[in-house]
Amino acid sequence: MQIEIDPLSDVPLYQQLRDRIVEGIAAGELVPGDPLSSVRQLAMEFGINIATVSKGYDLLRAEGLVRTHRASGSVVARGPLSGRHDVQPWTPSARAGWIARLHTMLAEAVAQGETDDDVLEAARGILTDLAAQRRTNDAKNDRTNTKNDRTKGNS
Amino acid sequence: MTAVLIIVPSALVVIAAVMLLLPALMPPTLPLGVSVPVERQAEPVIRTALRRYRLLVGVAWLVAVILAVALAAVSPLTASLVPILLFVIAASVAYIIARQMIVRTKHDEQWYKDVPVRLVGSVTVDPVHTSVPAGWFAASLLLLAIATAIGVGVYDNLPQQVPVHWGLAGVADRFDVKNVGNVFGPLIVGVIVTLVLFALSFVNRVAPIRAAASASAADNELRARAKRAGLATLLGRMMFVIALAISWLSVASWLLPDARWPVTIGTIGLLVLILLVLVAFLMRWRRIVAQGIPKPGAEHGGVDSPDDDRFWKAGIFYVNRDDPAIMVQRRFGVGWTMNLGHPAGVAIGVALIAVIVGVVVFTIVSNGKA
C-alpha cells in the first residue's frame, strides 16, 4: 500500500505515518496478518530517519493495531469487524485516548457553530465512505488473492 | 602516434556523446539534476539552460580534439591524457553553469511556493520481482573457464618470455619470464570484474528506488520494476561482453602470438559491443524515467515530490544524514551513488577514490618504466 506524508506539515512525520496506516486498515487496504515493511525498510523507502519510523510503529503497537515478532517482522494485528474472525476488544487505555481526541474534534465543530446533526452527518459520511472502500478492497483481495495490486487510496 | 590520433578522438566522441545524452535520460521534473514541480517542467529557462549546456560541451569537445592533435606531435602520453582530462573538467563546468541558471530562476520565482509536496512510498512488503542476471553470469564464467582450460593445455608450449605490457599502438613493448600470474592475469581480472558486476546486481535488487509523488502508485511500481530490470540486463550484458573480449584476447595471444588481426578484431569488437549494449540500454532507460510523470496542466493528484536539492551537492553528491540508505538512485546520470551522509557511504567513497588513484598511479609508473 502506497502512502503519502507531508514533510512540511506541522503534524510530525511519525504521527502522519501512524495515521495513514490506521486509515489503510479502516479502508480494508491492510487486513489483519498483512506484513508491514520493517522500520529500516520503511525509512529507506521514504529517505527519513529510522527513529521517526520507529516512533510511528511504537504508537501502532501501543494501540494494538500492529504486532511485531522478532522472526516474522511487523504484521497488522487488528481490523474492522465486518464479520471477520475473533477481533479482541479494544484496550481500555487506547479507547480512552481516542475518546479524548474525539472530544476535542467534536468541540472544534461545536465551537465553530456546527449543529449536532451536521456533525453526525459528516461522521456518517466518512464511515459510509470507509465501508465502501472496504467492500472494494475486499472484492479485489478475493479476486486476485495477492497483496501486490493495492492502489493508492488515501490522503 | 597514429594510434593516439584514433584512440583519443574516439574516446572524446564517446565521452561527449554520453555527456550530451545524459540530460535526455533525466525525468522531466529533474532537468540537469535540479528538482522542479510538475507545473514548471516546461519553463523557458530550462530549455535555455539545456541549450547552453550542449553548446558549452560541444565547444569544449572541439578544443579538446584540436589540443589532442597538436599534442600528439609532442608527446603521445600527454596527448592521450591531458585533452580527455581537460574535456571532463570543462564539461563539468558547463553542467554547473547550466544548472545554476535553473536553480537561480527557481529560487527567484519561488517555484515551490504554495506547491503541496509529499513523500510517497509503500508500507507493505512488496515481493522482489527483479532477478539477478544469473544466465549472463554463468555464460561469462563458462567462457573464462574455457579460455583457462585452453591456457592450461598450451601452457608448456608457450615461449619462456611473454608480453606483460602493451604500448598505445597495441604492440607489446615489455616482456617477462612466463609464470601463472602473467599468463592467466587477464583471465583473473575477468573473473573479478564478473564477480563485481554480479555483486552489483544484488545491490540493484534491494537499493531503494523512490516513488514520484505526482505519479500513481501503479506507475511508481511499474517504473521501479522497469528500472531494476533494465539495470540487471545492462550488468549481465556488460559482464558477458567483457568476459568474451578478455577470453578472446588471451586465447589469441597464446595460439596466434604473431598475428595482429585477432587483437584488432578483439579491441574493435569490444568497443562496438559495449556501444551497442549502452545504446540499447539508454533507449530503454529514456522511456522508463518519464513513465507516469504527468505533463504540465495534465490531471494529477496535485502534489509534487519535495524539493530535495539541499541533499544533492551540485546535483551529483548525495549527503543526507537522516537517510538510512547507503546507495540511492543517481540524480544526474544512471545507476547508483552512495549517501555521503552515511558512514558506510563515506567508506565506499573513500575506497573508490583509493582504487582510482591506485590505477592512475600504477599506469603512470608502469608507463614511466617502459
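The values are calculated or read from the model by the stated rules, or taken from the named source; none is laboratory data. Every value quoted in this text rests on a predicted model; they were computed, and no experiment measured them. Note: ideal-geometry Cβ built from the backbone for every residue, glycine included; neighbour counts use all protein chains shown. All accessible areas refer to the heavy atoms of the entire protein, side chains included, with ligands and DNA or RNA removed. Shrake-Rupley method; radii C 1.70, N 1.55, O 1.52, S 1.80 Å.
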- request: Return one number: the angle in degrees, 0 to 90 and rounded to the nearest 10, between the long axis of the Cα atoms of helix A:13-26 and the longest principal axis of the Cα atoms of chain A.
  value: 80 degrees
message: Output the 0 to 90 degree angle, nearest 10, between the alpha-carbon long axis of helix B:134-154 and the longest principal axis computed from the alpha carbons of chain B.
response: 10 degrees
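Determine the sum of side-chain charges near residue B:44: Lys and Arg each +1, Asp and Glu each -1, restricted to other residues whose C-beta is under 12 angstrom from that of residue B:44. Spell out each step's value before the answer.
On the way: positive: B:40, B:47, B:51; negative: B:43, B:109.
Neighbourhood net charge equals +1.
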- request: Can you tell me the relative contact order of chain B? Whole percent, Cα pairs under 8 Å, sequence separation 6 or more.
  value: 22 percent
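Tally Lys and Arg at +1 and Asp and Glu at -1 over the other residues with C-beta under 12 Å from the C-beta of residue B:161: what net charge comes out? Mind dumping the intermediate values first?
On the way: positive: B:174, B:178; negative: B:176.
Here the count lands on +1.
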field: Leading residue at positive end of dipole, the protein assembly as shown (Cβ point charges), from A:119, B:50, B:266
entry: B:266
- request: Find which of B:342, B:157, B:144 sits farthest along the positive direction of the dipole of chain B, computed with +1 on the beta-carbon of Lys and Arg, -1 on that of Asp and Glu, about the Cα centre.
  value: B:342
task: Calculate, for chain B, the solvent-accessible area per residue in square angstrom, rolling a 1.4 angstrom probe over the heavy atoms of the protein chains.
output: 51 Å²
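For residue B:149 and residue B:78, what does the FRET efficiency come to when R0 = 35 Å and r is the distance between their Cβ atoms, rounded to the nearest 0.05?
Numbers: r = 42 Å, r/R0 = 1.20.
That gives a FRET efficiency of 0.25.
Just to confirm a number: summing +1 for Lys and Arg and -1 for Asp and Glu over residues other than residue B:318 whose beta-carbon lies under 13 angstrom from that of residue B:318, what do you get? Don't jump to the answer; show the numbers that get you there.
On the way: positive: B:210, B:310, B:313, B:321, B:330, B:331; negative: B:308, B:309, B:322, B:323.
Within the 13 Å Cβ shell, the charges total +2.
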message: If I model the protein assembly as shown as equal point scatterers sitting on the Cα atoms and use the Debye formula, what is log10 I(q)/I(0) at q = 0.06, 0.07, 0.08 Å⁻¹?
response: -0.41, -0.54, -0.68
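How much of the accessible area of the stretch B:209-358, probe 1.4 Å, is carbon plus sulfur, in whole percent? Let's see the in-between values first.
On the way: 5180 of 7400 Å².
Of the solvent-accessible surface of the stretch B:209-358, carbon and sulfur hold 70 percent.
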Unit charges on C-beta of K, R, D, E only; dipole of the protein assembly as shown, Debye: 1380 debye
query: For the stretch A:1-137, what does the equivalent ellipsoid look like in terms of its semi-axes, each the square root of 5 times an eigenvalue of the Cα gyration tensor, given largest first in whole Å?
result: 27, 20, 15
statement: Taking the chain alone as reference and the full protein assembly as comparison, with a 1.4 Å probe on protein heavy atoms only, the residues of the stretch B:113-133 that lose at least 20 Å² of accessible area are B:117, B:118, B:119, B:120, B:121, B:122, B:123, B:124, B:125, B:127
- request: Could you check the simple spin-label distance between residue B:156 and residue B:110, using points 7 Å along Cα→Cβ, in nm with one decimal?
  value: 8.5 nm
task: Distance between Cα centroids, the stretch A:74-140 to the stretch B:113-162: provide it in whole Å.
output: 51 Å
- prompt: Ignoring ligands, DNA and RNA, how much accessible area is buried between chains A and B, both sides summed, with a 1.4 Å probe, to the nearest 100 Å²?
  reply: 2400 Å²
statement: Per the C-alpha gyration tensor (a ≥ b ≥ c, the square roots of its eigenvalues), the stretch B:85-156 is rounded if a/c is under 1.5, else prolate if a/b beats b/c, else oblate; here it's oblate
Relative contact order [Cα under 8 Å, 6+ residues apart], the stretch B:41-199, whole percent: 17 percent
query: Once both labels are modelled 7 Å past Cα along the beta-carbon direction, what's the residue B:360-residue B:134 spacing in nm?
result: 4.1 nm
query: For the Cα atoms of chain B, what angle does the longest principal axis make with the long axis of helix B:261-289, in degrees from 0 to 90, nearest 10?
result: 10 degrees
- request: Consider a paramagnetic label point 7 Å from the Cα of residue A:40 along Cα→Cβ; state which residues of the stretch B:202-241 have an amide N under 17 Å from it.
  value: B:202-209
message: Placing unit charges on C-beta atoms (Lys and Arg positive, Asp and Glu negative, everything else neutral), compute the dipole magnitude of the stretch B:15-162 about its Cα centre in debye, rounded to 20.
response: 520 debye
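Classify the stretch B:1-155 from the C-alpha gyration tensor, please: rounded if a/c falls under 1.5, else prolate or oblate depending on whether a/b exceeds b/c.
On the way: a/c = 4.23, a/b = 1.23, b/c = 3.43.
Verdict is oblate for the stretch B:1-155.
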statement: Taking a crude spin-label model, label points 7 Å out from Cα along the C-beta direction, the residue B:85 to residue A:104 distance in nm is 6.3 nm
field: Check: chain B dipole with +1 on Lys, Arg Cβ and -1 on Asp, Glu Cβ, in debye
entry: 400 debye
- request: List the residues of the stretch A:1-21 that lose 30 Å² or more of accessible area once all protein chains are present, compared with their chain alone (1.4 Å probe, heavy atoms only, no ligands or nucleic acids).
  value: A:1, A:2, A:4, A:5, A:6, A:7
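Report, in listed order, any pair from B:113/B:295; B:227/B:295; B:106/B:295; B:227/B:313; A:55/A:140 with a Cα-Cα distance greater than 28 Å. Let's see the in-between values first.
Details: B:113/B:295 19 Å; B:227/B:295 21 Å; B:106/B:295 18 Å; B:227/B:313 24 Å; A:55/A:140 31 Å.
Exceeds cut-off: A:55/A:140.
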- request: Using protein chains only (no ligands, no nucleic acids) and a 1.4 Å probe, work out which residues of the stretch A:28-76 have their accessible area cut by at least 30 Å² relative to the chain alone.
  value: A:35, A:37, A:40, A:44, A:45, A:46, A:47, A:49
